[in-house]
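Engineer: Provided herewith is a single structure, encoded as structure tokens, for subsequent inquiry.
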Amino acid sequence: MSADPSSDKKPSALRPLPSVNMALLPDELRARRTRRIVLGTVLGAVVLGGMLFWIAKSVIPQTWSFMEEALGRQDDKLAADLGLAAAATPVELDAGAEDALTEEEKLALSRSQPNARYETPFGTTPSFRGALLAAGLEPEECAEVEAALQHIVDFRRCRPEHRLIVERDENAALKHFEYHPSPTEFVEVRRGEDGIFRAEQIRVKVQRSPIARAASVQTSIGDGLVGLGLPAGLATFFVEAFEGRVNFAVQARKGDVFRIVVDEERVDGELLRYGRVHALEYEGQKTGKIQAFYFQPGNQTGQFYDDTGRAMVGGWLRTPLRYDRLSSRFNPRRFHPILKRVMPHLGIDYAAATGTPVWAAADGRVTFAGRRGPNGNLVVIRHTGGFETAYAHLHRIKSGVRRGTLVKQRELIGFVGSTGRSTGPHLHFGLKKYGRYIDPLTELNGPGRRMPARELSAYKEAMAQWQAQLRGIEDAPIMVAGADEPLVEQVDEIMD
């Protein structure tokens, strides 16, 4: 039965079926647009993935093969120039023929003789194969040595100053090869009884022996160390060890005396470097006599302790780096060298070489790490007790140091630089207490922690040994009181 057209019915709330020309509703338009975006993104990802796969499969191997072929051609040319293309056999020349050879030909001849042993620098050749050829190895020998070293030596890290040692047997065949990347380790390659070369990494034994030295302070501790034949950088150990008890910038006087016990590290009798500092002593007109001894209790981090077993460094590092000089002090009325007007310098500037490590002055949480205007690369750390420290002009910030990161005292946070408004590489170290800037030199460092009682006996025994060495220094100067004049002012250049 058909519906009565005259019947009274309410219009339907449902939308009628769309016709060809009916416009879509807003929700439908958004849905269609979303489907197109998703489909386009998927297709783009598929196309990009296909291109990357093609590049990885075709272009990169072809480029790498081209580079290998180019280096191989250079190596072949070098081998031809050195007369190494053919398999060498011992050559004997009469005196007249040998005199007619050039120096290069004589050198190549001497390297191919039976029982020859010689050393040569890696040089500036563009590949490890080229360095081996220049060292007198034949192409077949080069391939054998490279095969033995491929899982031990990273050929990309070779440097011109690295050393190569070659040794041949009684038949002039390669018997032994050494690659020396540093004075303390090298890689040895030897031919086994089966005729195959095998490599072994060897660490050189370093001989360590403590030496004790003493000097009188005339201009600075660093100059006194240089006069003893020691590096000036050892002065930073005095600053770090005594930083809570001595302010060298104010209290040092001409005629003060310092003593040090430090390890000499030698390899085969040759001085390599100076290592662990075991004991320090400073006797000054303003400071009195103060000593510090390095000790590592149990599994804890080693540090300097006084004669009672209390750590020299308290909860803060007054100097969060090893610096060359104090280049600018805390000065609320400082005349700015760049802006040419009075502008407060609310921190301490420590001049040091670019790349010098910078440490956190105390435990805390990073609240800022990044670029900030005249500060350049800046790290800000919040500590307990309302304190906050700032480290400005960094060359770069250590990877992983970002807002929210927890750091420990003496943990690496960045490296000295000259970013931002700066006239040279240095660290600007600022300190706030409850939001107000204060002078770090007058505020920082409380007493350190006492050593665990179980370690005290071993520490006392070691301390007695180092004290005996300090007392036994021959020709040690005696402190002479001068006219109570401080040393020459160490602040000689404003850095920011």
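Quick note: the coordinates plus some simple rules give every number you see, no bench work behind them. Note that the coordinates shown come from a computational prediction; the quantities given were computed from them, not determined experimentally. Quick reminder, even Gly has a Cβ in these numbers, built from the backbone with ideal geometry, and neighbours come from all protein chains shown.
Engineer: Using 19 Å as the cut-off for backbone N distance, which residues of region 115-152 belong to the label zone defined by a point 7 Å from the Cα of residue 267 along Cα→Cβ?
Structural biologist: 118-123, 152
Engineer: Would you kindly give the portion of the calculated P(r) for region 325-443 that falls above 21 Å, as a percent of all Cα pairs?
Structural biologist: Cα-Cα pairs of region 325-443 separated by over 21 Å account for 33 percent.
Engineer: At R0 = 51 Å, how high is the FRET efficiency between residue 232 and residue 436 if r is their beta carbon distance? Nearest 0.05 is fine.
Structural biologist: With a Förster radius of 51 Å, E is 0.90.
Engineer: May I ask which of 408/433; 398/432; 408/432; 254/460; 286/433; 254/432 have a Cα-Cα span longer than 26 Å here?
Structural biologist: 254/460; 286/433; 254/432
Engineer: Still on this structure, please answer the following. Apply the a/c threshold of 1.5 to the C-alpha gyration tensor of region 403-471 and tell me whether it is rounded, prolate or oblate.
Structural biologist: It is prolate, given that a/c is not under 1.5 and a/b is the larger ratio.
Engineer: Here's another thing I want to ask about it. Which whole-number value in Å³ per residue fits the convex hull of the alpha carbons of region 106-240?
Structural biologist: 184
Engineer: Mind putting a number on the dipole of region 325-443 about its Cα centre? Charges go on the C-beta only, +1 for Lys and Arg and -1 for Asp and Glu, and I need it in Debye to the nearest 20.
Structural biologist: My answer is approximately 340 debye.
Engineer: Using a cut-off of under 17 Å, list every residue of region 208-246 whose amide N is near the label point 7 Å from the Cα of residue 300 along the Cα-to-beta-carbon line.
Structural biologist: Residues 241 fall inside that zone.
Engineer: Here's something else I'd like to know. Along Cα→Cβ, 7 Å out, is where each label goes; now give me the distance between the ones at residue 449 and residue 285 in nm to one decimal.
Structural biologist: 4.0
Engineer: Region 259-358: D in µm²/s via Stokes-Einstein (Kirkwood Rh, Cα pairs, 20 °C, 1.002 mPa s)?
Structural biologist: 123
Engineer: Now for a separate question. Label-point separation (nm) for residue 343 and residue 468, each offset 7 Å from Cα along Cα-to-Cβ?
Structural biologist: Spacing of the two 7 Å Cα→Cβ label points: 5.9 nm.
Engineer: Once you have the Cα-Cα distance between residue 201 and residue 399, take 0.36 nm times their residue separation minus that, and quote the gain in nm to one decimal.
Structural biologist: 68.2 nm
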